[in-house]
1. Please calculate how many Å² of accessible area region 65-129 carries per residue, with a 1.4 Å probe and no DNA, RNA or ligand atoms counted.
2. Return the Rg/Rh ratio of region 80-129 with Cα-based radii and a Kirkwood Rh.
3. Among the trypsin sites (Lys or Arg not before Pro) in region 79-129, which ones are in a DSSP loop with at most 11 other Cβ atoms within 10 Å of the Cβ? Mind listing them?
4. Expressed as a fraction of 2.2 N^0.38 Å, the rule-of-thumb size for a compact globular protein of N residues, what is the C-alpha radius of gyration of region 43-129?
5. Looking at region 42-72, which trypsin sites (Lys or Arg not before Pro) are DSSP coil and have at most 15 other C-beta atoms within 10 Å of their C-beta?
Amino acid sequence: MNYFNYTTKSDWKTDFEIRKRYNKNMSSTPKSYYTYVLHCADNTLYCGYTDDVEKRLAAHNAAKGAKYTKGRLPVELLSAVEFDNKSDATKCEWWFKNKLQRAQKLELIHKKQIKSAYEAYKNERKQFS
């Protein structure tokens, strides 16, 4: 029984390629995303997100990362926080950059509490939505 209406061989090939790409992108292990904090040579902090912290750190130190870090090399990884999805990683990055002062950032890094503080902020905002 044919569930698909393939009129030509090229129709079948197109459908096959789409399914092949879809299955390739669907891995059995979920992908992790990270919000990371770097210490720059000029004593500033840089925050970003990535799915591969080591690769991203190497890119920053090779002056192929963000424009901000190019003139502030070398950079050193201070913290990396793991998330299950890209959305939470980017939202945590925004929160870290825009809602905290430097002293608060350094305290959270030192105490290794970035994720728990972000989760508390997120839950607090849900209460008022």
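1. Numbers: 4600 Å² over 65 residues.
On a per-residue basis, region 65-129 sits at 71 Å².
2. Working: Rg = 10.8 Å, Rh = 11.3 Å.
Ratio value, two decimals: 0.96.
3. Values: sites: Lys86, Lys91, Lys97, Lys99, Arg102, Lys105, Lys111, Lys112, Lys115, Lys122, Arg125, Lys126; in loops: Lys112.
Qualifying residues, ordered by number: Lys112.
4. Numbers: Rg = 13.7 Å, N = 87, 2.2 N^0.38 = 12.0 Å.
Working it through for region 43-129, the quotient is 1.14.
5. Numbers: sites: Lys55, Arg56, Lys64, Lys67, Lys70, Arg72; in loops: Lys64, Arg72.
In loop regions of region 42-72 (DSSP not H, G, I, E or B), the sparsely surrounded trypsin sites (Lys or Arg not before Pro) are Lys64.
The values are calculated or read from the model by the stated rules, or taken from the named source; none is laboratory data. Remember, it's a predicted structure, so these values are computed and weren't measured experimentally. Heads up, the Cβs are rebuilt from the backbone with ideal geometry, glycines too, and the neighbour counts pull from every protein chain shown. Accessible surface areas use protein heavy atoms only, side chains included; no ligands, DNA or RNA. Shrake-Rupley method; radii C 1.70, N 1.55, O 1.52, S 1.80 Å.
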